[in-house]
Every structure is written in structure tokens, then in C-alpha cells.
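The block underneath contains the structure these notes are about, expressed in C-alpha cells.
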Amino acid sequence: MRRFIFDKIKEYDIASQLTIEILETQENDNAILVNNFIEDVYRVGASIAIDDFGSGFANFEHMTKMRSDIMKIDGSLIKNIDTDKNARLVVETIIIFARKLDKKVVAEFVHNEAVYKVIKELGIDYAQGYYLGKPEARNS
């Protein structure tokens, strides 16, 4: 799979437009392999985003060692941020942490205007979710 990915990046000359998402997990059995992959992604000029940060057992210490450009905050924290004070507190903490690590932040599961307004107020860089548009099949 690794060879396929890098062959396609080269074939289509898309590195500067590509962000590869990696799930943040403590259960990674081969951190050396993952870190080597990340370094290869950067070497070709692509970017890395850490997906679903804040879900399960997110490990802040682990994030200080994993090279990436973007932290994507899991939808489980975003979906009720307009009504759940605790979710908002956790998200605010993640934003501060991401900024200190010089990372951009993406909010997943932005499904309505109230949630969108809160994430904009918090200064989150990017948003994903049905409020902004539903996924569509692309005709090639």
C-alpha cells in the first residue's frame, strides 16, 4: 500500500495538494513504521492530519511526538458543542494545545448553524460536516 500511495503521488504530481489523514491512537503497534511513513510524506511535499483527535483515549503526549500539520477534532466533541459546556471546554483545551504545537485545527461533524457559530467563535481553522455540504459522488 505504501508503494502504491507514493507511486500515485508521483504519477499525478499531487503532493502539494494532498493531506494524508492518520488516526491518532495509542494502540499503534509499529510507531517506527508510522513515523517513517510520515517523514516520507513530508519528503515528497504532502501534509499530514491527525484524524479523530479527542475520541477514545486521545494521548496528548503522543501528539507532541507525532509530526503533523493539522489536528482534526473528533465529531463526538463537536456535535453538541453549542449545548455541552464540558465538550466546549475540552475543545478549547485542544485548540490551545494545537496552537502551541503550531498545528491547524479542523472541527468534524459541523451539522448545524449553532455548532458552526461556536467553532468560528473559538477560532477553529476549518470545518467539515453536513451543514457545509454532504458528501457527493464525483463524476470523473
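Figures for the structure shown
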{"item": "Calculated FRET value between LYS65 and ASN86, using beta carbons and R₀ = 25 Å, to 0.05", "result": "0.40"}
{"item": "Karplus-derived 3J(HN,Hα), 6.51/-1.76/1.60, for each residue of segment 100-107, Hz, glycine and proline x", "result": "5, 8, 6, 10, 6, 10, 10, 9"}
{"item": "Distance between modelled label sites at LEU23 and TYR42, nm, 7 Å Cα→Cβ extension", "result": "2.4"}
{"item": "Sites GLU121 and ILE5 - FRET efficiency at Förster radius 30 Å, r taken between beta-carbons, to 0.05", "result": "0.20"}
{"item": "Helix-only [θ]222 nm of the chain, DSSP H runs n ≥ 4, -39500 (n - 2.57) each, per residue, nearest 500", "result": "-12500 deg cm²/dmol"}
{"item": "Residue-wise HN-Hα coupling along segment 77-88, computed from phi with Karplus coefficients 6.51, -1.76, 1.60 (Hz; x: Gly, Pro)", "result": "8, 7, 4, 10, 4, 6, 10, 10, 4, 5, 4, 4"}
{"item": "Cα-based Lys proximity count in the chain, under 22 Å, for pairs eight or more positions apart or on separate chains", "result": "24"}
{"item": "Approximate spin-label separation ARG99-ASP13, in nm, with each point projected 7 Å along Cα-to-Cβ", "result": "3.9"}
{"item": "Given (1) 16.1; (2) 14.8; (3) 15.4, the label whose value is Kirkwood radius over Cα pairs in Å derived from this model", "result": "(1)"}
{"item": "Segment 81-140 shape via C-alpha gyration tensor axes, a/c threshold 1.5", "result": "oblate"}
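Each value in this text was obtained by applying a stated rule to the coordinates, not by laboratory testing. Note that the structure is a prediction, hence the values are computed from the model and not measured. Cβ coordinates were reconstructed from backbone atoms using ideal geometry, including for glycine residues, and neighbour counts include every protein chain displayed.
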